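Engineer: First the structure, which I've put down as structure tokens, then a few questions once you've had a look.
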Amino acid sequence: MLLVPGDPVDRFEVVRLLGEGGLAHVYLVRHRHLGSLHALKLLHVRGARARARFLQEGQVQARIRHPNVVPVTDVVELDDGIGLVMDYVDGPSLAEVLGGDEPLPRRDVPPLFDQMCRGVIAAHRAGVLHRDLKPANVLLAVSAHGIEARIGDFGIAKVVADFRDAPSLTEQGSFMGTLGYMAPEQLSDAKAVDARADVFSLGCILYEMVAGRAPYLRADRAATIRATLDGQHRPLGELCPDLPAPLVAVVERALQAQPSRRQDTVEALRADVAAAAAPLLGLDRRDQRDGRQDREQEVRPERRRLLRAGPYRRDRRHRPRREDLRGDRL
């Protein structure tokens, strides 16, 4: 049952619905005593298995304390369900910013991607593989330091390290993720993946950030699966001939269908991108010194408008083909 503004939920009061997915609704809520705003993810699917997976998501995300990860701070128990309390990120998702099939301004790509990598690295160091990295799971917030990227939705994360012997809720031979962003090996067995699956997904996101289109998304599910398994995508250098060749090579390596051909870790991918993208930042600094800021002035109003929009606005721009595939969480 959907909650409406004013409904009480434990110590919180519902402000409005932020969004909904296959397993849960997400609400903006206010703490009734402190007045602070939070995001509350309420499970609306019944069953012990769904509840166990939902609790595992909360436990996984609560373990990762990093500025570039949306933290889970509490759990609320309801008569007919359970909810995860998270920090509220007042800003759009990366998917919304990319919603017009336009790439990001080049100077914004390296710092945002670096923050995304740092968040994923923190998860890996905590023994967690995300397995569902995509633009919709990257939220953008405005802070005193500028725009910050925060990784969210660890609903199908794989817990490793000290949790290696813990019972898994992913059956052997099953695959989970979002078509168009999930690694080829996830299509055969999601339980067998390692950090290189997240490297692949980050490569897909970086490709989309600079090219304005995802490398493996196709018109239908079957075509997307074929393209992912075969590594069939338009070379980034053809779409963006002005990109530095070293950066193109880094992205293409991350997109390889064979895990052994990718960067071994997100740390390695982050370092490679930082080195290869340095000319982009250097060019922008020279442009500013010379007073050529026309492009900056052209982009800023649109970026401000997107940042003022909430991350789950109902009237946000949709791309039906992309949304259909992005929602294909298996």
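Engineer: With θ set to phi - 60° and the Karplus curve 6.51 cos²θ - 1.76 cosθ + 1.60, what are the ³J(HN,Hα) couplings of region 220-235 in order, to the nearest whole Hz, using x for Gly and Pro?
Structural biologist: Values, residue by residue: 9, 4, 5, 5, 5, 5, 4, 4, 5, 5, 8, x, 8, 8, 6, x Hz.
Engineer: Still on this structure, please answer the following. Output wanted: per-residue J couplings in Hz (rounded whole) for region 115-129, from phi through Karplus 6.51 cos²θ - 1.76 cosθ + 1.60, θ = phi - 60°, x for Gly and Pro.
Structural biologist: 5, 4, 4, 4, x, 5, 4, 4, 5, 4, 5, 8, x, 10, 9
Engineer: Starting with the fewest neighbours, write out Leu78, Leu140, Leu98, Leu280 ranked by other beta-carbon atoms found within 10 Å of each beta-carbon.
Structural biologist: Ordered by Cβ neighbours within 10 Å, fewest first: Leu78, Leu280, Leu140, Leu98.
Engineer: Classify region 194-258: rounded, prolate or oblate, from the alpha-carbon gyration tensor (a ≥ b ≥ c, eigenvalue square roots; a/c under 1.5 rounded; otherwise prolate if a/b is larger than b/c)?
Structural biologist: Judged from the Cα gyration tensor, region 194-258 comes out oblate (a/c at least 1.5, b/c at or above a/b).
Engineer: Related question: How much length is gained on full extension from Glu13 to Ala219, taking 0.36 nm per residue of separation minus their Cα-Cα distance?
Structural biologist: Extending this stretch completely gives an extra 70.0 nm.
Engineer: Okay, which of region 124-156 sit inside 14 Å, backbone N to the point 7 Å along the Cα-Cβ direction of Asp194?
Structural biologist: Those under the cut-off are 129.
Engineer: Follow-up. For Arg46 and Gln258 in the same chain, what is the full-extension length gain: residue separation times 0.36 nm, less their Cα-Cα distance, in nm?
Structural biologist: Using 0.36 nm per residue and subtracting the Cα-Cα distance, I get 72.5 nm.
Engineer: Each residue of region 241-253 in turn: what ³J(HN,Hα) in whole Hz from Karplus with 6.51, -1.76, 1.60 and θ = phi - 60°, glycine and Pro shown as x?
Structural biologist: Using θ = phi - 60°, the values come out as x, 8, 5, x, 4, x, 5, 4, 5, 5, 5, 5, 5 Hz.
Engineer: Starting from the Cα of Asp242, step 7 Å along the direction of its Cβ; do the same at Val4; then give the gap between the two resulting points in nm.
Structural biologist: 5.2
Engineer: Return Asp108, Asp153 ranked ascending by Cβ neighbour count within 10 Å, so the fewest neighbours appear first.
Structural biologist: Taking fewest neighbouring Cβ atoms as first place, the list is Asp108, Asp153.
Engineer: Name the shape class, rounded, prolate or oblate, that the alpha-carbon gyration tensor gives for region 1-79, where a ≥ b ≥ c are the square roots of its eigenvalues, rounded holds for a/c under 1.5, and otherwise prolate holds if a/b is larger than b/c and oblate otherwise.
Structural biologist: Oblate is the answer for region 1-79, as a/c is 1.5 or above yet b/c matches or exceeds a/b.
Engineer: If R0 is 22 Å, what FRET efficiency do you get for Gln59 and Glu20 from their C-beta distance, rounded to 0.05?
Structural biologist: The formula returns an efficiency of 0.45 here.
Engineer: Could I ask something else about it? Rounded, prolate or oblate: which fits region 50-124, taking a ≥ b ≥ c as square roots of the Cα gyration tensor eigenvalues, rounded meaning a/c under 1.5, else prolate when a/b beats b/c?
Structural biologist: Taking the square roots of the gyration eigenvalues as a ≥ b ≥ c, region 50-124 is prolate.
Engineer: Another one. If we count other beta carbons within 10 Å of each Cβ, what is the order of Arg262, Arg234, Arg53, fewest first?
Structural biologist: Final ranking by Cβ density, sparse to dense: Arg234, Arg53, Arg262.
Engineer: Let me ask something additional. Report the label-to-label distance for His31 and Ala144 in nanometres (one decimal), using points 7 Å from each Cα along the Cα→Cβ vector.
Structural biologist: Calculated label separation equals 2.0 nm.
Each value in this text was obtained by applying a stated rule to the coordinates, not by laboratory testing. Note that the structure is a prediction, hence the values are computed from the model and not measured. Note: ideal-geometry Cβ built from the backbone for every residue, glycine included; neighbour counts use all protein chains shown.
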